[in-house]
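The values are calculated or read from the model by the stated rules, or taken from the named source; none is laboratory data. Predicted model, so just to flag it, every value in this text is computed and none were measured. Here the Cβ positions follow ideal geometry from the backbone for every residue, glycine too, while neighbour counts run over all protein chains shown.
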Amino acid sequence: MTGTSTIFRVINKPSVGRQRQIVIKWNRMGQDIPGDDFADAEFNSPFEEVAIAVRLATGGVPTTYLWAIYRAGLSSGVSESLFDCQRYDSHRGLVTPHGEPILVPHGEYIPMWGYWNGPDEKLVARDGDYLEKFNALRAWPDGSITESTYVALMQRVREKLDALSVENLNLRGTHILLSRRLSSGKLSSGKLIYDADGCPEARICNFELLRMTSGWDWDAPPTALYQRSNPGWAHARRQAACDTAAPGAAPVRRAADRQRRNWDTSAHRASFH
Amino acid sequence: MEKPVAPPDSGSLDEPVSKAQPERCAEPAIHGPKSYAATERPAEPEEIRVLGVEDTHFRLDGEGDLYVTQYGLPLENCLLPSNLWSDKQGFGRNARRL
């Protein structure tokens, strides 16, 4: 589907104090998917993209970082005749604390992603090119990986997604980023980054056509970065849970609770390093 | 002439307002966002949970909304659209198509 989406890298104004490279990519929710292979599929809403990205990152599958979603005040301009409103129906119950729907019909939604050039924790402290990224499809003809490595890598990504009950309807090499270290500041000269299993670290960067096969009923654990930035988060969350619990009610054990207790395990750390 | 009265919460009329309105070209070289919010400021943020993920919601004066994820929260000032683009020229200078 080359050429059907609009992606830019922008840098914030210097007046903010520190400059960050940000990837903005227009969300295509409601638009027809080009080609005949996706008759029953729909582009994800930006909030679904966030939820899936967090689900994968906390499950040990590296992803690029979705930093924010901007809803512009104006309409997307997509003709109504070309627009499928199913996502608005499925998101009808999702509202802001003021009761306003988070999805506004024909709104222009622009997810903002971190430009992948290094771990988020380093980029927050100081932006810079720690790593060079390139997509897996390019790595194969480049000679960075062999054909068999490419095939094995794609298969491995699919298996990891399956294990997390996430289906990718359009898994492509262009949706997988590999990284290599910069050698003395020169591009294309460093060593490929491998994961703990000795495979090239594959980082998913496209979430438009991923689908949660087991539904959305889960609680995302806070990221390690968020925990450090918000030292009081644990207390606030416990307090919120106490405030909403009925007096005398027994605590409800859920799979998400077990996951939350374990989020600082190797699987989560692996998503950053 | 009677001085106009500012509506509640709209900010002071004495505050500087950018005179540079979004310039619309017939066929721009780079298609940026359809709205440019030079003067937008976030209202008080609020926590919101969507599909199991906690976001921080900023209501922007320019009739837009910004939902910042946990990953983006340390960078919230960098992510305000007014700090990324305020007009088409600025966006054209600042953006590189990937």
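For every residue, the table says whether it meets (1) loosely packed, with under 13 Cβ neighbours inside 10 Å; (2) at pLDDT below 90.
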{"site": "A:41", "(1), (2)": "no, yes"}
{"site": "A:63", "(1), (2)": "no, no"}
{"site": "A:78", "(1), (2)": "no, yes"}
{"site": "A:97", "(1), (2)": "yes, yes"}
Quiz item: Does residue A:222 satisfy being at pLDDT 90 or above and buried (at least 17 other Cβ atoms within 10 Å of the Cβ)?
Solution: no
Self-check item: Unmet requirement for residue A:74, which otherwise passes all of (1) modelled with pLDDT of 70 or more; (2) part of a strand (DSSP E or B)
Solution: (1)
Quiz item: Would you pick out the residues in the stretch A:21-38 that are charged (D, E, K, R) and modelled with pLDDT under 85?
Solution: A:32, A:36, A:37
Exercise. Quickly run through the stretch B:76-86 and pick out the residues that are touching a strand residue (DSSP E or B) at 6+ places or on another chain (Cβ under 6 Å) and at the interface with chain A (Cβ under 7 Å from one of its Cβ atoms).
Key: B:79, B:81, B:84
Exercise. Specify the residue that is farthest from the other protein chains (Cβ to nearest Cβ); the eligible residues are those in the stretch A:1-38 that are farther than 28 Å from residue B:52 by Cα and of a type in the set (A, V, I, L, M).
Key: A:1
Quiz prompt | Hey, residue A:54 within 12 Å of the chain's Cα centre (by Cα), in contact (Cβ under 8 Å) with a residue 12 or more places away in the chain and in a loop (DSSP other than H, G, I, E, B) or not | solution = no
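Yes or no, residue by residue, for (1) at the interface with another protein chain (Cβ under 8 Å from one of its Cβ atoms); (2) under 30 Å from residue A:133 (Cα atoms); (3) surrounded by 18 or more Cβ atoms within 10 Å (Cβ to Cβ):
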| position | (1), (2), (3) |
| --- | --- |
| B:54 | yes, yes, yes |
| B:67 | yes, yes, yes |
| B:73 | yes, yes, yes |
| B:89 | no, yes, no |
| B:92 | no, yes, no |
| B:97 | yes, yes, no |
